[in-house]
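**Q** My questions will all concern the structure given below.
Derivation of every value follows stated rules applied to the coordinates shown; laboratory data play no part. This one's a predicted model, so the numbers in the text were calculated from it and none came from an experiment. Counting neighbours? That spans all protein chains shown, and the Cβs are built from the backbone with ideal geometry, glycine included.
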Amino acid sequence: MRPILNIATAGKSSQKPAKTAPGNIAEVQQELGLPNAPAPAQLDNIKAQLDLVLLALECLAGIGSEAILKAAADLQLEPMAMDRVSLWRLRQSNPLRKSQGGRKKLDVEEARSLVLIICHLAKENHELIRRAVALLEQLTEQNKPPHSTSLLGDFIDNFCNTYQERMDNGEDTNPEVLTHLALKLLIDLLFYGGPNGHRRLWLALIDRSVRG
């Protein structure tokens, strides 16, 4: 736990993250490139990672389909011009989910759009995320469990319960593993809501998809 928290501490900044203006979206999307066409297994991994990050946002800040669709509209993301059903099908394409009914393909443009949406939502909830990470650091220094505070306790419980409900291996996954995953994603969100968060998330997705 402590090495992860040390990374978060080093990445802190007193400045509020700058918002990405819709007019800059095309330029930002061009920055999110791939050296080669992704293999199907790589895209599956990217789908899974994006869905988990969205799950962490959902469990911490109560973000649902409406907030995601609003973010897409605010950013003027044409590939994400969809309704609640289409968004549900896209998230159901995560290979980790119990039911994969719906569209099973995620193209690169949709992946880029989801990256921008996640970072946009992380920026909007940056203060909440920072407060949660600060509490985690404090509790770790005091050798106290994260459940010592309602904010972290509720987040972990929501994440673990939702993961077990939605994911194929959820019921067989050790709660300690899910707790560690939830806290890791929380710290990741701190970076994704900061400057160049879209690059951080995109590079992390590529790196994890290559490593498998």
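**Q** Apply the Karplus parameterisation 6.51 cos²θ - 1.76 cosθ + 1.60, with θ equal to phi minus 60°, to every residue of the range 122-139 and state each ³J(HN,Hα) to the nearest whole Hz, in sequence, with x for glycine and proline.
**A** For the range 122-139, the Karplus curve yields 5, 5, 4, 10, 4, 5, 5, 5, 4, 5, 5, 5, 4, 5, 4, 4, 5, 5 Hz.
**Q** Which cross-chain or sequence-distant (5 or more) residues have an amide H under 5 Å from the amide H of R97, H modelled 1.01 Å from N in plane?
**A** Residues meeting the amide H criterion: D168.
**Q** Now, a different point. Would the range 103-202 count as rounded, prolate or oblate if I go by the C-alpha gyration tensor, calling it rounded below 1.5 in a/c and otherwise prolate when a/b exceeds b/c, oblate otherwise?
**A** In terms of gyration-tensor shape, oblate.
**Q** Going by average Cβ neighbours within 10 Å, how do the peptides 180-190, 62-72 rank, with the highest at the top?
**A** Peptide ranking by packing, descending: 180-190, 62-72.
**Q** Still on this structure, I have one more. Given R₀ = 30 Å, FRET efficiency for D172-R208 by Cβ-Cβ distance, to 0.05?
**A** That gives a FRET efficiency of 0.90.
**Q** In addition: Can you compute the FRET efficiency between A73 and A39 using 1/(1 + (r/R0)^6), with r the Cβ-Cβ distance and R0 = 22 Å? Round to the nearest 0.05.
**A** Taking R0 as 22 Å, the efficiency between A73 and A39 is 0.10.
**Q** How much FRET efficiency would the formula 1/(1 + (r/R0)^6) give for R84 and Q138, where r is the Cβ-Cβ distance and R0 is 30 Å, rounded to 0.05?
**A** Efficiency at R0 = 30 Å is approximately 0.20.
**Q** Please compute the length gained on full extension between E66 and S148, using 0.36 nm multiplied by the number of residues separating them and subtracting their Cα-Cα distance.
**A** Extending this stretch completely gives an extra 26.4 nm.
**Q** May I pose another question? Given points 7 Å out from each Cα along the Cα-Cβ axis, report the R199 to V108 separation in nanometres with one decimal.
**A** 1.9 nm
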